[in-house]
Each structure stands twice: as structure tokens, then as C-alpha cells.
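K.L.:
I have a structure here, written as C-alpha cells, and I will follow up with some questions on it.
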Amino acid sequence: MKTHKFTGRVYLNNEQKKETKSSVKDDTMLLLIIIIIIIIKYKSLCTEIQRMWSLKCTIVPVIIGATGMVTRTLRKNLETVPGKHSIDSLQQTAILGTSYLIR
């Protein structure tokens, strides 16, 4: 028996090959739904900033997991944000924040 690292599901040897692909798809769909919810949540704030200050506003999803796992598009998304950003320091901040919450 093995445990899938994303969902914590337990698989028997024969079932593992069949269900691993579907569970990874489920995890990908969950991440996609979370990204969409985040974008919808901040869309009203973006619209308000555009109205109040006549500025162009875009929403850039920067998603880093509690264990420092990042999305494939993080580098591309960070390039749209002005300034210098280090993915290593962002991951370190996420991990330290998680350890602080656990303690």
C-alpha cells in the first residue's frame, strides 16, 4: 500500500497505476479552481483601483504551497510584477510561515 503525496489516498498495488492519474487530475482541477476563486475575489478590488485612481490594474496569481511547492507559471507571472523577485526567498518565506503556524 502506498499513500499519494497530494491527496493522502491509500492505494493497493494493482489499483495504484489506474487511480494515480485520475487523482493527479483531481488535484490539478482543485488548484485550477482555487486560482479562479482568487482571481474572482480580487477582481472587484482591481476595478475599484481603476475607477478611483485611473490606473491600469492586473491580477497576477503568485501561488506558493505551504511546503514551498510552486506552480509552473510562477516565473512568468513574477516577470510581470516590477522589481526583483527571488523564487528561493519566496519559498523560504512560505516554509517559515508554515513552521510558525505549526508551532
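The values are calculated or read from the model by the stated rules, or taken from the named source; none is laboratory data. Since the model is a prediction, treat every value here as computed from it, not as a measurement. Glycine also receives a Cβ, built like all others from the backbone with ideal geometry; neighbour counts cover every protein chain displayed.
K.L.:
Looking only at the stretch 50-97, count every residue that is part of a helix (DSSP H, G or I), out of contact with any Ser or Thr (no Cβ under 7 Å at 6 or more places or on another chain) and either in the same structural domain as ILE36 (by TED's automatic domain parsing) or of a type outside the set (Asp, Glu) (or both) and tell me the total. So that I can check it myself, show each step before the final result.
P.N.:
The initial filter retains those residues of the stretch 50-97 that are part of a helix (DSSP H, G or I), namely 50-53, 74-79, 87-97.
Restricting the remaining residues to those that are out of contact with any Ser or Thr (no Cβ under 7 Å at 6 or more places or on another chain) gives 50-53, 74-79, 87-94, 96-97.
Then keep just the ones that are either in the same structural domain as ILE36 (by TED's automatic domain parsing) or of a type outside the set (Asp, Glu) (or both); that gives 50-53, 74-78, 87, 89-94, 96-97.
Qualifying residue count, the stretch 50-97: 18.
K.L.:
Restricting to the stretch 41-69, name every residue that is of a type in the set (A, V, I, L, M) and in contact (Cβ under 8 Å) with a residue 24 or more places away in the chain. Full working, then the answer.
P.N.:
Quick first cut of the stretch 41-69, residues of a type in the set (A, V, I, L, M) only: 45, 49, 52, 55, 59-60, 62-64, 66, 69.
Once the filter is applied, which keeps residues that are of a type in the set (A, V, I, L, M) and in contact (Cβ under 8 Å) with a residue 24 or more places away in the chain, the stretch 41-69 yields VAL62, ILE63, ILE64, ALA66.
K.L.:
Hey, does the stretch 40-48 have a residue that's among the aromatic types (Phe, Trp, Tyr) and exposed (fewer than 12 other Cβ atoms within 10 Å of the Cβ)?
P.N.:
To start, the set of residues in the stretch 40-48 that are among the aromatic types (Phe, Trp, Tyr) comprises 42.
Those left that are additionally exposed (fewer than 12 other Cβ atoms within 10 Å of the Cβ): none.
Scanning the stretch 40-48 turns up no residue that is among the aromatic types (Phe, Trp, Tyr) and exposed (fewer than 12 other Cβ atoms within 10 Å of the Cβ).
K.L.:
Please tell me if ILE35 is assigned to a helix (DSSP H, G or I), aliphatic (A, V, I, L, M) and exposed (fewer than 11 other Cβ atoms within 10 Å of the Cβ). It would help to see each step written out before you state the result.
P.N.:
Numbers: assigned to a helix (DSSP H, G or I): yes; aliphatic (A, V, I, L, M): yes; exposed (fewer than 11 other Cβ atoms within 10 Å of the Cβ): no.
In short, no.
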